[in-house]
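Some notes on the structure that comes next.
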Amino acid sequence: MIILNFAHPLTSRQLDQIAALVGNMPERVQDVRSQFDLEQSFNQQIVRLLDNLGITTEQWQAGGWLIVLPSLNYAAAVLLAELHGRMGHFPAILRLRPVAGALVTEYDVAEIINLEAVRSEARTRR
């Protein structure tokens with residue numbers, strides 16, 4: 001599994017938590033610097049951002065991807081649409097949650113959400 005991280009860098013503790021959930025350590029983590037210009041088209045910015053990663057069509061479609069979404073909701077929505085188009089399916093995403101009672105703000109891995117499974121399940125409720 002390859003993690004594409006569009007948010008804050010993951011800590012070693014968070015990587016251990018991911019490994020515990022999936023059964024092995026990620027093959028690699030690619031931190032993607034994502035600062036969005038609110039005055040420009042998000043679609044164009046996302047396309048440029050993903051194109052600059054140098055990932056081939058075959059890699060998009062064959063890779064085991066785990067996505068850490070950007071916190072800006074509009075950018076996250078456009079990113080998911082673009083990833084779906086490139087991968088041919090929705091990716092799995094990582095959800096973090098604040099550590100309860102921590103004196104300094106920290107985040108733990110809450111869950112890995114398989115969006116394609118969510119979509120498939122939702123289709124049964126049509």
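The values are calculated or read from the model by the stated rules, or taken from the named source; none is laboratory data. Keep in mind that this is a model prediction, so the values were computed, not measured. So basically every Cβ, Gly included, is an ideal-geometry build from the backbone, and we count neighbours across all protein chains shown.
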### Query
If you check 66, 83, 96, 49, which single one turns out to be touching a Ser or Thr at 6+ places or on another chain (Cβ under 8 Å) and surrounded by 10 or more Cβ atoms within 10 Å (Cβ to Cβ)?
49
### Task
Please state which one of 72, 83 is hydrophobic (A, V, I, L, M, F, W, C) and either closer than 15 Å to residue 2 by Cβ or in contact with a strand residue (DSSP E or B) (Cβ under 6 Å, 6 or more places away or on another chain) (or both).
83
#### Entry: The listed residue being in contact with a Phe, Trp or Tyr (Cβ under 8 Å, 6 or more places away or on another chain) and either without any contact (Cβ under 8 Å) to a residue 24 or more places away in the chain or under 20 Å from residue 47 (Cα atoms) (or both), out of 69, 115, 103, 96
69
### Query
Which one of 93, 18, 67, 46 is of a type in the set (Val, Ile, Thr), more than 15 Å from residue 2 (Cα to Cα) and at pLDDT 95 or above?
46
